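Structure, as structure tokens:
The values are calculated or read from the model by the stated rules, or taken from the named source; none is laboratory data. Since the model is a prediction, treat every value here as computed from it, not as a measurement. Every residue, glycine among them, receives a Cβ derived from its backbone with ideal geometry; neighbour counts consider all protein chains shown.
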Amino acid sequence: MTRSKYADETDDGLFYMLKGPKREAEAAFSELYNRYSPRIHAYCLRVVGNYEQAEDIFQETFLRFYKSAQVDRNMTNVPGFLLRIARNLCLNYKRDKRDTVAIDNFHFASKAHSHEQAEMLDLIAMALELLEVEYREAFVLREYDGLSYKEISQIVGDSVSAVKTRVFRAKQQVRTILSPYLKDLAR
């Protein structure tokens, strides 16, 4: 795999290159896409829970991101900005579609799991689907994406203490939902 000539560029520098000549803009976009597409795709899939809809939101996220570079803006946190776009699109989708949808083709980043691990991941996915959107989102950003409480608060536009509360409550709810299954697995 050849290394991109833009691999050493900062995110902010690449973002500003999106306004440049077409060839430079395409290469900068490609580099940013390669850096952040797995994370954004996983976020969309975990929050929405429907593979096809997550794909649509994922693509729309990067389209809006590219268009936003054409506007003068001070960019200091590219992954945070991408997550904010994805978050808003996911929330709009959830708001417009009130039914719950089963998680199809739900994928986690890990490769091979034992049967018990796969079963546990399925149970966690089911539990996440039952959480309210703001709890699910905070949980996913913290536990799966590894963001700090401060980073999450910037993305969701709430205080750090509100984010900590959401993550804590999400964990409590997941434990409550999973407790009957965990007792069965322990037998």
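Answer yes or no as to whether Ile85 is at pLDDT below 80, β-branched (Val, Ile, Thr) and surrounded by 13 or more Cβ atoms within 10 Å (Cβ to Cβ).
Working: at pLDDT below 80: no; β-branched (Val, Ile, Thr): yes; surrounded by 13 or more Cβ atoms within 10 Å (Cβ to Cβ): yes.
No: the conditions fail for Ile85.
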Worksheet item: Looking at the range 170-184, which of its residues are touching a helix residue (DSSP H, G or I) at 6+ places or on another chain (Cβ under 6 Å) and closer than 16 Å to Tyr144 by Cα?
Response: Ala170, Val174
Worksheet item: Filter the range 6-27 for residues that are under 13 Å from Gln70 (Cβ atoms) and over 20 Å from the mean Cα position of the chain (by Cα); which is surrounded by the fewest Cβ atoms within 10 Å (Cβ to Cβ)?
Response: Lys22
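Let's see how each residue does on (1) outside any helix (DSSP H, G or I); (2) touching a Phe, Trp or Tyr at 6+ places or on another chain (Cβ under 6 Å); (3) closer than 18 Å to Glu137 by Cβ:
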| residue | (1), (2), (3) |
| --- | --- |
| Ser30 | no, no, no |
| Arg39 | no, no, yes |
| Phe62 | no, no, no |
| Val71 | yes, no, no |
| Met75 | yes, yes, no |
| Leu83 | no, no, yes |
Worksheet item: Quick check: is even one residue across the range 114-134 at pLDDT below 80, surrounded by fewer than 16 Cβ atoms within 10 Å (Cβ to Cβ) and polar (S, T, N, Q)?
Response: yes
